[in-house]
Amino acid sequence: MLSRLIVIVLLVLSASSVRAEEPLPATGGPGANQSDMYYNAMLRSIDLDTKRWKPFSRSIESGPWFYDTRSLKRNSTMVTVMVTLFPNPQKTDIYKSVYSDHTKIREIVFETEINCKKHLYRQPLIRVYGYYNELLTERSNTNHGFSSIRQGTTIDTLRSLVCGPDKKKPQR
């Protein structure tokens, strides 16, 4: 009877650990497991209306990106849309130009304007929020010009979603 109880306990313990653990990435080093743990916890804590906010990019460095389908406005070749990013809590230093005390950043919201025809964009308004949904900073960049959209970037992915596919003239 005792041996059956031990076998059952071992089966229960091993089954729960298989479900609870996620596989490590192939490049996972000694510190990768802890970083992945923070990143996965952060992903589970995101509470967005999935009918309104659509994911369009995700990386372990910059975090998941979403765009707001309700804020999407088209005017001729221009599109304006709100974009939100949840940086990886262990890699916020790449956003220190947005907010100097980058370790407090939980979410960054960008108003993004895209010129679909010219492949240009700008972000005239940036808001940075902390872990208690407090506004850490708000920056208006209305006097900054448009920048080129580089192919294969996150903003290029957004451009293809909100502008539609490029309509190139057929070559003769």
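Assorted remarks:
- Qualifying GluC sites (Glu not before Pro) for segment 36-142 [loop in DSSP, other Cβ within 10 Å: at most 11]: E61, E134
- ³J(HN,Hα), Karplus 6.51/-1.76/1.60, whole Hz, each residue of segment 78-91, x for Gly, Pro: 9, 10, 10, 8, 8, 10, 10, 10, 10, x, 4, x, 8, 9
- For segment 130-146, Karplus couplings with θ = phi - 60° (6.51, -1.76, 1.60), whole Hz, Gly/Pro x: x, 6, 10, 6, 7, 6, 7, 7, 9, 10, 9, 10, 5, 8, 7, x, 7
- Amide H contacts under 5 Å for S57: W65, restricted to partners 5 or more places along the chain or on a different chain, H placed in the peptide plane at 1.01 Å from N.
- Take the Cα of T103, step 7 Å toward its Cβ, do the same at S45, and the gap between the two points is 1.5 nm.
- Total formal charge among the other residues, if their Cβ is under 15 angstrom from that of K104, Lys/Arg +1 and Asp/Glu -1: -1
- Vicinal HN-Hα couplings computed from phi for segment 102-109 (Karplus, 6.51 cos²θ - 1.76 cosθ + 1.60; Hz; Gly/Pro x): 4, 5, 8, 6, 10, 8, 10, 10
- Note on L161 and N133: the model spin-label points, each 7 Å out from Cα along the C-beta direction, lie 2.3 nm apart.
Where a number appears in this text, it was derived from the coordinates with a stated rule and is not lab data. Since the structure is predicted, the reported quantities are computational estimates derived from the model, not experimental observations. Glycine gets a Cβ as well: all are built from the backbone with ideal geometry, and neighbour counts include every protein chain shown.
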